[in-house]
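This report refers to the structure that appears directly beneath it.
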Amino acid sequence: MLSRRQRVALFSACAAVAVAGAGVLTAAVASAAVTRYEAETAPATCDGVIESNHAGYSGSGFCNGNNTAGAAAQFTVTASAAGTATIAVRYANGTTANRPADVLVNGAVAQSGAAFNGTGAWTTWATTTLTASLNAGSNTIRLSPTTAAGLANIDYLDVEVGASPSPSATASPTMTTSPPPGRPAQCTGSSPITCHFAVSPGNYTVTAWIGDRASAGNTSMSVEARRRILPAVATAAGTITQYVFTINVRQPEAQPTGQGGTGTSGLTITFAGSAPKLSGLTVQPASNPLVVYVAGDSTVCDQILAPWAGWGQMLPLRVAAGAVVANYSDSGESSGSFLSNSALFPTMRPLIRSNDLVLIQFGHNDKSTTASTFRGNLTTMINQVRARGGIPVLVTPPVRRRFDGNQLDATARHINGVGVNLPAEMRSLGSSLGVPVIDLTAKSEALVESMGPTNSAQLFLRQSVDGVTDNTHFSEYGAARMADLVVQGIRERNLSLVSYLR
């Protein structure tokens, strides 16, 4: 039996719909699980070579096609039943020019000249979403470049086939979609499009109709202080896709102590990309979402100033409607200062409701904290979260980029100045108190060491790219990779957020 929150999440996840021609919306009210097809895994084929020389790919490699028109990447996908499929193509295009490709399904052109715009670097990966009709059983999906530049590098396809709506489901007010309501008066500009709603702090359901009947678009979506919730998606002329998100609004909108700036009260939504298109936007109070509170330091917080980014800032990109991330992390905080500062734990604690998750990461700034004090601070947070009915989760701190040869040194692994192995203390405390632990230290250590002393620099801030060298704080790319590792831990621990992961 699904809980009310899970039903809301299922309904919201099914609300991404395509609009074509006259603008009639077709609701995908039931859907199968997403299936991933890697470009390097047979029966997929690549008219080029499978490479692994650009970091950030999934699996064991990606398709680097020949630089010629028609040099395609082809996938064989299986659908349990005939229906409209949502196809997410992950790619990288390190040039500044679009590398368009025809999308052929079972030999017929399903979309002509789909855009694969520049991503800024070959190590920066983006996702473009397409829709196509699949047959029951085996289907071929072929990405065939239309210019002599060839394809972008292709990492994988994520394919989800939606079942046809039943009459009873279509009649449900929650499931029924409506034509795009048009751009509201709160939105200004064209590239980017900025929308501001004068709402009070709280959680809101945001519905966006992205695309345009007259022209093709490429649109990303972010909220508040650089919280990305939708990567750039391409839409063909005549296609509009509806997306539903649950958004947390705070004031200050980024770091609770106002470091870097307090932002603007209310909710700010920004639509960017190479050609942003918006055909409708609504904001309504959210009903009983699962809230994921995040307590941490500068490696986690919503950084209002570029180029810094925290993994908590990227986590909303992985979370579907019905759940929301409320990031109370703040730069410079230790386990003790987070407890004592009135803007931090004392403000967050009363908001926690039954079954909300609270992710707790400290260690970077506990440089001289004793083991007993560290454990005591964490235990206090755990007990107070549980007193509110919430579910505490310990997250060990991500590593710093400090190499001794090809391995990270003790400081990178958070053995502090008084000899305390802080991640080990968190693991031990989690075991003794029955608290789930996501070992981000071990996961990030494996990632950073696998990339090596040179390539791992892209996870952090670099003078050549970011204007600053910093081997503790993350680039947007690095923060996104850390968020992926946290999501991996959420799945491994089978936490309640699993039902809402995109």
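The values are calculated or read from the model by the stated rules, or taken from the named source; none is laboratory data. Small disclaimer: the values here were computed from a predicted structure and weren't measured. When we count neighbours, we look across all protein chains shown, and the Cβ atoms used for this are built from the backbone with ideal geometry, even at glycine. With ligands, DNA and RNA removed, areas are computed over all heavy atoms of the protein, side chains included. Shrake-Rupley method; radii C 1.70, N 1.55, O 1.52, S 1.80 Å.
See the values below:
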| read-out | value |
| --- | --- |
| All positions within the range 365-400 that are open to solvent by 10 Å² or more (accessible area, probe 1.4 Å) and in contact with a Ser or Thr (Cβ under 6 Å, 6 or more places away or on another chain) | 365, 377, 389, 400 |
| Members of the range 351-364 found to be of a type outside the set (Ser, Thr, Tyr) and either touching a Gly at 6+ places or on another chain (Cβ under 6 Å) or open to solvent by 70 Å² or more (accessible area, probe 1.4 Å) (or both), listed by number | 351, 352, 353, 355, 356, 358, 361 |
| Hey, residue 225 under 20 Å from residue 303 (Cα atoms), surrounded by 16 or more Cβ atoms within 10 Å (Cβ to Cβ), of a type outside the set (Ser, Thr, Tyr) and touching a residue at least 24 places away in the same chain (Cβ under 8 Å) or not | yes |
| Criterion: surrounded by fewer than 17 Cβ atoms within 10 Å (Cβ to Cβ), in contact with a strand residue (DSSP E or B) (Cβ under 9 Å, 6 or more places away or on another chain), touching a residue at least 60 places away in the same chain (Cβ under 8 Å) and within 19 Å of residue 309 (Cβ to Cβ) - qualifying residue of 478, 467 | 467 |
| Index of the failed condition, residue 435 passing every other in (1) out of contact with any strand residue (DSSP E or B) (no Cβ under 7 Å at 6 or more places or on another chain); (2) open to solvent by less than 20 Å² (accessible area, probe 1.4 Å); (3) more than 21 Å from residue 308 (Cα to Cα); (4) in a loop (DSSP other than H, G, I, E, B) | (1) |
| Matching residues in the range 198-215 - criterion: being under 30 Å from residue 98 (Cβ atoms), open to solvent by 20 Å² or more (accessible area, probe 1.4 Å) and either in contact with a Lys or Arg (Cβ under 8 Å, 6 or more places away or on another chain) or basic (Lys, Arg) (or both) | 212, 213, 215 |
| Whichever residue in the range 100-116 is open to solvent by 30 Å² or more (accessible area, probe 1.4 Å) and not in a strand (DSSP E or B) and, among such residues, is farthest from residue 158 (Cα to Cα) | 107 |
| Failed item, numbered, when residue 188 is tested on (1) under 25 Å from residue 78 (Cβ atoms); (2) modelled with pLDDT of 95 or more; (3) surrounded by fewer than 21 Cβ atoms within 10 Å (Cβ to Cβ) | (1) |
| For residue 407: the one exception among (1) closer than 30 Å to residue 502 by Cβ; (2) loosely packed, with under 15 Cβ neighbours inside 10 Å | (1) |
